[in-house]
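This report refers to the structure that appears directly beneath it.
The values are calculated or read from the model by the stated rules, or taken from the named source; none is laboratory data. Predicted, not measured: the structure shown is a model, and the values here were computed from it. Positions of Cβ are generated from backbone atoms using ideal geometry, with glycine treated the same way; all protein chains shown enter the neighbour counts.
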Amino acid sequence: MFTIDLSIRNTAFPVSVQRKEAEGAEALYQEILTAMRSGQPAVMELECEGKTEKKVAVRPTEISAVQVSQKDGAAAAGGKPPGFAALITE
């Protein structure tokens with residue numbers, strides 16, 4: 001299973017959707033990059049293949065980063081899930 005994480009401006013947590021195959025994850029990654037560069041479409045609706053009931057709509061102009069990672073037993077055993085890191089300064 002592959003997870004595509006989207007970092008949305010002014011939002012603390014990433015938005016994630018899943019793809020079962022590497023090709024599908026790469027295709028979605030490229031589609032998101034194209035939308036980020038062009039600002040078109042105005043809204044992207046993404047569906048999750050892992051949880052079929054999960055849908056999310058985002059504005060590509062509000063996406064600040066996108067990341068693809070593979071979810072497997074080795075990643076879970078590492079104790080740290082893939083995703084974006086936030087640094088907090090005091």
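Miscellaneous remarks
- Residue within the range 65-74 that is surrounded by 11 or more Cβ atoms within 10 Å (Cβ to Cβ), modelled with pLDDT of 85 or more and either outside any strand (DSSP E or B) or of a type in the set (G, A, S) (or both) present: yes
- Long-range neighbours under 6 Å by Cβ, at least six apart or interchain, first residue of a type in the set (D, E) within the range 42-71, second surrounded by fewer than 15 Cβ atoms within 10 Å (Cβ to Cβ) and at pLDDT 90 or above: E45/A57; E47/K55; E49/K20; E62/R9
- Filter pass, A57 being exposed (fewer than 11 other Cβ atoms within 10 Å of the Cβ), modelled with pLDDT of 90 or more and of a type in the set (A, V, I, L, M, F, W, C): yes
- Unmet criterion (only one of (1) under 11 Å from I63 (Cβ atoms); (2) β-branched (V, I, T); (3) at pLDDT 90 or above; (4) not in a helix (DSSP H, G or I)) for I32: (4)
- Near pairs, Cβ below 8 angstrom, 6+ apart or cross-chain, from the range 11-38 (surrounded by 11 or more Cβ atoms within 10 Å (Cβ to Cβ)) to any residue that is among the small types (G, A, S) and part of a helix (DSSP H, G or I): R19/A25
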